[in-house]
């Protein structure tokens, strides 16, 4: 009979890397590697990812009232 209690259990299940879908790494969570982490950061900094907000016409109409 083997004793499985000596093996460390993961704190949480691994998730897929949002860039390449490989299993995530604890040191670079939620990414699998520093490269995927840097790719994602570059996309944010270059403006590839945009969080939608109110249109410019809607924002100026509300400010005038």
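The values are calculated or read from the model by the stated rules, or taken from the named source; none is laboratory data. Fair warning: this is a prediction, and the values are worked out from it, not measured in the lab. FYI the Cβ positions are ideal-geometry reconstructions off the backbone, even for glycines, and counts take in every protein chain you see.
Below are the figures for this structure:
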| read-out | value |
| --- | --- |
| Pairs with Cβ under 7 Å, 6+ apart, first in segment 27-51 and in a helix (DSSP H, G or I), second exposed (fewer than 11 other Cβ atoms within 10 Å of the Cβ) and at pLDDT below 95 | 43/49 |
| Flag if residue 2 is at pLDDT 90 or above and part of a loop (DSSP other than H, G, I, E, B) | no |
